[in-house]
Amino acid sequence: MSPLTLIENAHVITVDQARRELSAASVLIEGSRIVAIGESPGTLPADALRVDGSGCVLTPGLVNTHHHLYQWITRGLAADHTLFEWLTTLYPIWAGIDEDAVRTAALGGLTQLALSGCTTTTDHHYVFPAEGGDLLGAEIDAARTIGLRFHPTRGSMDLSEKDGGLPPDSVVQPIDEILSASADAVSRWHDAAPDSMLRIALAPCSPFSVTTDLLRESAVLARELGVRMHTHLAESLDENTYCDEHFGCTPLQYMESVGWVGDDVWFAHGIEFDDDEISRLAATSTGVAHCPTSNARLGNRICRTRDLVDAGVPVGLGVDGAASNESCRLLEEAHQAVLMARARGGPTALTTRTAIELATIGGARVLGRAADTGSIEVGKLADLVLWDLSSVAHSGIDDPVAALVLGAIPPVAASWVNGRRIIADGEMRTVDADIVAADVAREHRRLIAKAG
Ligand SMILES: [Zn+2]
């Protein structure tokens, strides 16, 4: 079979350097890469795949910069709680997860991401109960099944209730065990190649669930191994109070004191930064994963997206875990980012095109993949999404970008990851989504029963 796929007659939003948008254009894929953009290339081998993009918009695949896939089977709990109340309600349930639970949850969460236009995602997994088994292996297996480009993190917690932290004793691990499991995860799975489908990062959970030693030593290990670093930061005012009481400083000052800034670091949320801190994030190219739906769901404040972008901080979008965002549709985060930025900063605070940039090249930059993915350019990996704007929900919306960002979430007609088509005719091609749904419901019931 020919390695060529031609997507024809689509409105192409490239998000390249010139931010070109081409109407009735073609994109040619050969193997895993984009080899031509613009006019139809004329004759192709008879067995090349031709996909008609009429009535559709083609964008770079969206990049998700923050998630907790295991939470897909704990949605809808603690629906009206603050962050700290929500965490203390959920930790005892999360303490029951095992390989089957994590694999099934990841299949559900990744299917939802794919169907909302995501082609690359990270995951922040930080709950490792002693009897849980190989949880990182289980979610990596799920990502290979679904076919998304995957940047899972080896997360960790070592500060439990008895030591003044938030999580119960049963879900934290000793620091030596964490560091050796982290090194092991990198040697088993991390692939640094430009077309890598899988890269590992190290990710202690948050300032209130890990020790200072774990943060320091994780940074040293990550830099020895050449992998990225991720954690939650500046998410809530409760966290500011916690850092002030325990460390006498702000969350970012605390991170700076333990070596946690740089172009190999990205923080989830980043709501509570002041002007000076935003300048320091920019100066160090430290990234931020903006998760507007989760922030609003938990009643936290609104990220200073405009100020971060203007300062030059790398900013991407994240759905965050499904327990604080039951929807987890990545394009919806672009929609929410615009609305919340404008609610905070007025009508010019964030444009629809900036929102698409955050969802694509911005996220790729945050994950260190901007040279490989996040825009439609010749030579880049073929991570592409074809959105169907032909139905009543979108037909007649004047501007295709406004249709994507301000309109309803359109169906994904097709998507490609590394040149492989994982959605065709609006349906997942790598899994049966109905079977995934039934498995998710079963694993949810089993986990809740286990928690009593
Ligand atoms: Zn999170």
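The values are calculated or read from the model by the stated rules, or taken from the named source; none is laboratory data. It should be emphasised that the depicted structure is a prediction, and the values quoted were computed from it without experimental measurement. All Cβ positions, glycine included, derive from the backbone under ideal geometry; neighbour counts span all protein chains shown.
Could you tell me whether Gly132 is touching an Asp or Glu at 6+ places or on another chain (Cβ under 9 Å) and farther than 20 Å from Val63 by Cβ?
Yes; evaluated as a whole, the condition is true for this residue.
Looking at region 285-315, which of the residues that are surrounded by fewer than 24 Cβ atoms within 10 Å (Cβ to Cβ) and of a type in the set (Gly, Ala, Ser) is modelled with the lowest pLDDT?
Gly299
In region 315-326, which residue that is within 14 Å of Thr65 (Cβ to Cβ) and out of contact with any Ser or Thr (no Cβ under 6 Å at 6 or more places or on another chain) is farthest from the ligand (Cβ to nearest atom)?
Val315
Given the conditions (1) touching a Ser or Thr at 6+ places or on another chain (Cβ under 7 Å); (2) among the acidic types (Asp, Glu); (3) surrounded by fewer than 24 Cβ atoms within 10 Å (Cβ to Cβ), report the number of the one that Asp123 does not fulfil.
Of everything listed in (1) touching a Ser or Thr at 6+ places or on another chain (Cβ under 7 Å); (2) among the acidic types (Asp, Glu); (3) surrounded by fewer than 24 Cβ atoms within 10 Å (Cβ to Cβ), Asp123 misses just condition (3).
On the given criteria, is Ala341 away from the ligand (no atom under 16 Å from the Cβ) and surrounded by fewer than 23 Cβ atoms within 10 Å (Cβ to Cβ)?
No: the conditions fail for Ala341.
If you scan region 338-372, which residues turn out to be basic (Lys, Arg) and touching a residue at least 40 places away in the same chain (Cβ under 8 Å)?
Arg344, Arg353, Arg365, Arg369
Within the group Leu358, Leu389, which residue is over 30 Å from Arg228 (Cβ atoms) and touching a strand residue (DSSP E or B) at 6+ places or on another chain (Cβ under 8 Å)?
Exactly one of Leu358, Leu389 is over 30 Å from Arg228 (Cβ atoms) and touching a strand residue (DSSP E or B) at 6+ places or on another chain (Cβ under 8 Å), namely Leu389.
Applying the selection to region 281-303, what residues are under 19 Å from the mean Cα position of the chain (by Cα) and of a type outside the set (A, V, I, L, M)?
Ser285, Thr286, Gly287, His290, Cys291, Pro292, Thr293, Ser294, Asn295, Arg297, Cys303, listed by residue number.
Considering only residues that are surrounded by fewer than 20 Cβ atoms within 10 Å (Cβ to Cβ) and more than 14 Å from Thr153 (Cβ to Cβ), which ones fall in region 218-241?
Val220, Arg223, Glu224, Gly226, Leu237, Asp238, Asn240, Thr241
Can you report the number of residues in region 64-77 which are more than 24 Å from Glu131 (Cα to Cα) and either away from the ligand (no atom under 14 Å from the Cβ) or of a type in the set (Ser, Thr, Tyr) (or both)?
Total satisfying the criteria: 2.
Quick one: which of Ala114, Ala46 is surrounded by 15 or more Cβ atoms within 10 Å (Cβ to Cβ) and away from the ligand (no atom under 16 Å from the Cβ)?
Every option except Ala114 fails the conditions.
Consider Leu358 carefully, then state whether it is crowded, with 21+ Cβ neighbours inside 10 Å and within 16 Å of the ligand (Cβ to nearest atom).
When the stated conditions are applied, Leu358 does not pass them.
State which residue pairs qualify: first residue among the hydroxyl-bearing types (Ser, Thr, Tyr) and inside region 231-244, second residue within 12 Å of the ligand (Cβ to nearest atom) in any location, beta carbons under 8 Å apart, and separation of 6 or more residues or different chains.
Short answer, once both residue conditions are applied: Thr231/Ala203; Thr231/Cys205; Thr231/Ser206; Thr231/Phe267; Thr231/Ala268; Ser236/Leu83; Ser236/Leu298; Ser236/Asn300.
Can you pull out every residue in region 75-114 that is under 24 Å from Trp387 (Cα atoms) and touching an Asp or Glu at 6+ places or on another chain (Cβ under 9 Å)?
Within region 75-114, Ala106, Leu107, Gly108, Gly109, Leu110 meet the criteria.
Among the residues of region 105-126, are any assigned by TED's automatic domain parsing to the domain that holds Ile356 and over 22 Å from the mean Cα position of the chain (by Cα)?
no
Among the numbered criteria (1) closer than 20 Å to His124 by Cβ; (2) within 16 Å of the ligand (Cβ to nearest atom); (3) in contact (Cβ under 8 Å) with a residue 40 or more places away in the chain, which one does Gly299 miss?
(1)
Restricting attention to region 75-87, does a residue exist that is part of a helix (DSSP H, G or I) and touching a His at 6+ places or on another chain (Cβ under 9 Å)?
Yes: region 75-87 contains one or more residues that are part of a helix (DSSP H, G or I) and touching a His at 6+ places or on another chain (Cβ under 9 Å).
With respect to the numbered conditions (1) under 25 Å from the mean Cα position of the chain (by Cα); (2) hydrophobic (A, V, I, L, M, F, W, C); (3) at pLDDT 95 or above; (4) more than 16 Å from the ligand (Cβ to nearest atom), which one is the sole condition not fulfilled by Ala95?
Here Ala95 clears every test but (3).
Looking at region 126-173 only, could you name the residues that are assigned to a helix (DSSP H, G or I) and at pLDDT 95 or above?
Listed by number, the residues that qualify are Leu135, Leu136, Gly137, Ala138, Glu139, Ile140, Asp141, Ala142, Ala143, Arg144, Thr145, Ile146.
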